[in-house]
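The values are calculated or read from the model by the stated rules, or taken from the named source; none is laboratory data. Small disclaimer: the values here were computed from a predicted structure and weren't measured. Positions of Cβ are generated from backbone atoms using ideal geometry, with glycine treated the same way; all protein chains shown enter the neighbour counts.
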Amino acid sequence: MAQQPQLAFPRPTRMVVRLLIVLGGLWLLCAIAINLFKSRFVFDAYGELMLTPSEVVPGLHVWQALTYMWLHDLEGLMHILFNAMALYFLGPTLERRWGGGNFLRFFLLTGVIAGLFSVLVGVLFGGRWDIPIVGASGAIFGLLAAYSILFPNATMLLFFVVPVRARWIIWIAIVGDLLFFVANPRGGVAIQTHFGGAIAGWLLVTGNWRPGIFMPKLKRLFGGRRPPPRGKFKVYPGGRDQLH
């Protein structure tokens, strides 16, 4: 049996390092240009690259579903710091399992799907759900879902103190999001993006995005019965009772 990884301080992998450099570098450049030098050009570009559901549908600013995940809140460190730490702790184990290219594709896909899910919620409900969104948190929740599914018995230190099995970490994150939202609905946390990322991670890791895999599971969940297995031979009446 393969040993479950322990989430301590992992040795960074190549793709994780590159993503950390890009995410951190973009945040620093935008923060300096906008907050320090008051650059109107960078400010306008930042506004065009963040995700606003009504600008995607019907505005057709479709690139925002990809570009929003490379930007972070410029008014503080916590947003970029949280996402960078999560990527650092979760990413290397997943990259070693999948390879750098597949890891990058997963990161991008979960981020884009989370963005599209946010657009759907914004179009359907409007109001507070149609506000600008930035950050890689959707992709991070995808990584959390993937880690919880692939390494359920790995030990993670919640808040660097409490040991928790990885199978529970995605649910802890989701419940924490919900509690924060209930306590402060206007707190600025895009829970729809987080949930979209978690759903995307689950679909991609389990293969449930394929109808041929998901539909049989759905039928069994709602009480559907499997058809009886077909035998390899035909059975004809006969035997002892047929001889008389």
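Assess whether residue 46 counts as being in contact with a Cys (Cβ under 9 Å, 6 or more places away or on another chain), among the aromatic types (Phe, Trp, Tyr) and surrounded by 18 or more Cβ atoms within 10 Å (Cβ to Cβ). Give the steps one after another, and end with the answer.
Values: in contact with a Cys (Cβ under 9 Å, 6 or more places away or on another chain): yes; among the aromatic types (Phe, Trp, Tyr): yes; surrounded by 18 or more Cβ atoms within 10 Å (Cβ to Cβ): yes.
Yes, satisfied.
Hey, among 164, 175, 182, 189, which residue is part of a helix (DSSP H, G or I) and either within 17 Å of the chain's Cα centre (by Cα) or surrounded by 14 or more Cβ atoms within 10 Å (Cβ to Cβ) (or both)? Please lay out each step first, then the result.
Values: 164 fails: part of a helix (DSSP H, G or I); 182 fails: either within 17 Å of the chain's Cα centre (by Cα) or surrounded by 14 or more Cβ atoms within 10 Å (Cβ to Cβ) (or both); 189 fails: part of a helix (DSSP H, G or I).
Going through 164, 175, 182, 189 in turn, the sole match is 175.
Could you give me the residue pairs with C-beta distances under 6 Å whose first residue belongs to the range 89-106 and is closer than 9 Å to residue 13 by Cα, whose second residue is among the polar types (S, T, N, Q) wherever it lies, and which are 6+ apart or on separate chains?
The qualifying pairs are 92/13; 95/13.
Would you be able to tell me the number of residues in the range 92-151 that are within 14 Å of residue 193 (Cα to Cα) and in a loop (DSSP other than H, G, I, E, B)?
5
Please go through (1) out of contact with any strand residue (DSSP E or B) (no Cβ under 7 Å at 6 or more places or on another chain); (2) under 21 Å from residue 135 (Cα atoms); (3) modelled with pLDDT under 95; (4) of a type in the set (A, V, I, L, M, F, W, C) for residue 190 and return the number of the only condition it doesn't satisfy.
(1)
Determine, yes or no, whether residue 74 is farther than 16 Å from residue 193 by Cα, assigned to a loop (DSSP other than H, G, I, E, B), touching a residue at least 24 places away in the same chain (Cβ under 8 Å) and not hydroxyl-bearing (Ser, Thr, Tyr).
Details: farther than 16 Å from residue 193 by Cα: yes; assigned to a loop (DSSP other than H, G, I, E, B): yes; touching a residue at least 24 places away in the same chain (Cβ under 8 Å): yes; not hydroxyl-bearing (Ser, Thr, Tyr): yes.
For residue 74, the condition - farther than 16 Å from residue 193 by Cα, assigned to a loop (DSSP other than H, G, I, E, B), touching a residue at least 24 places away in the same chain (Cβ under 8 Å) and not hydroxyl-bearing (Ser, Thr, Tyr) - is met.
So which of 34, 21 is assigned to a helix (DSSP H, G or I), of a type in the set (Val, Ile, Thr) and either at pLDDT below 95 or touching a Phe, Trp or Tyr at 6+ places or on another chain (Cβ under 8 Å) (or both)? If you could, list the steps in order and put the result at the bottom.
Working: 21 fails: either at pLDDT below 95 or touching a Phe, Trp or Tyr at 6+ places or on another chain (Cβ under 8 Å) (or both).
Matching residue, one of 34, 21: 34.
When you scan the range 78-135, how many residues do you find that are of a type in the set (Asp, Glu) and within 25 Å of residue 165 (Cα to Cα)? Even if it seems obvious, please write down each step before you answer.
If we filter the range 78-135 for residues that are of a type in the set (Asp, Glu), which is where we start, we get 95, 130.
Filter again for within 25 Å of residue 165 (Cα to Cα), leaving 95.
Residues in the range 78-135 being of a type in the set (Asp, Glu) and within 25 Å of residue 165 (Cα to Cα): 1 in total.
For the range 27-49, enumerate the residues that are closer than 26 Å to residue 100 by Cα and either of a type in the set (Asp, Glu) or under 21 Å from the mean Cα position of the chain (by Cα) (or both).
27, 49
If the Cβ limit is 6 Å and pairs must be 6+ apart or interchain, which residue in the range 121-148 that is charged (D, E, K, R) pairs with which residue that is surrounded by 19 or more Cβ atoms within 10 Å (Cβ to Cβ) and part of a helix (DSSP H, G or I)?
130/53; 130/122
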